[in-house]
Amino acid sequence: MSDCEVVTLKETVLVECCTARGVLMQGELFLRPLDTTGRGERLLDVLAGRAFVPLRTAEETVVFLAPRHLAWVRLGLLAALDELDPEAEDDASSAVARVVVELAHGAALEGTLRYALPAMTRRLGDYLERAPAFFPLRTADWIYLLNAAQVASITPLSESR
């Protein structure tokens, strides 16, 4: 390698993915590591901003996934802390909704959505109207990054505003 070449190292995060057809895949997705400002690449940004993302499977095969055709990406709770909205997590008055999410391929997930919005627009419907392409659903052990385009319905079980 010459002195002019720059090597960009990637960090990996262990995930399980579910395609729009309900096929499960496990492996590692690649993220840009922390830079000098202390900010790395979030998986939410990668999924929302790329046409294809590389997944390295346990067999060391690389599969390029199209995020638009993923129903969800699941991470362990501790690995996914950077994927949560820091404003909602730090705001004691943020809204929390326990929901059941039905996906287009028929599966259902139950978990919690947490979001921070102004008081007059803090209903679950207001959040869903503004939800990004991928948004986090929290369970006791996992964070699911849900593809909004693959969600068929969301039924609130409880909501605190």
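The values are calculated or read from the model by the stated rules, or taken from the named source; none is laboratory data. What you see is a predicted model; the values in this text were computed from it and never measured. When we count neighbours, we look across all protein chains shown, and the Cβ atoms used for this are built from the backbone with ideal geometry, even at glycine. For accessibility, only protein heavy atoms count, side chains too; no ligands or nucleic acids. Shrake-Rupley method; radii C 1.70, N 1.55, O 1.52, S 1.80 Å.
Would you mind calculating the gained length between residue 58 and residue 16 on full extension (0.36 nm times residue separation, minus the Cα-Cα distance), in nm to one decimal?
14.0 nm
How far apart, in nm, are two points set 7 Å out from the Cα along the Cα-to-Cβ line at residue 126 and at residue 66?
3.6 nm
Can you tell me, using C-alpha contacts under 8 Å and at least 6 residues apart, the relative contact order of region 89-161 as a whole percent?
Details: 121 pairs, mean separation 30.7, N = 73.
Averaging sequence separation for qualifying contacts and normalising by length gives 42 percent for region 89-161.
Whole number in Å², please: accessible area per residue of region 95-161, 1.4 Å probe, ligands, DNA and RNA not counted. Kindly include the intermediate steps, with their values, before the conclusion.
Numbers: 3360 Å² over 67 residues.
Computed with neighbouring chains in place, this is 50 Å² per residue.
Would you mind telling me the share, in percent, of accessible area of region 109-161 contributed by carbon and sulfur at probe 1.4 angstrom?
51 percent
What length, rounded to one decimal in nm, is gained on full extension from residue 149 through to residue 104, with 0.36 nm per residue of separation minus their alpha-carbon distance?
On the way: separation 45, 0.36 × 45 = 16.20 nm, distance 0.86 nm.
Fully extending the segment from residue 149 to residue 104 adds 15.3 nm.
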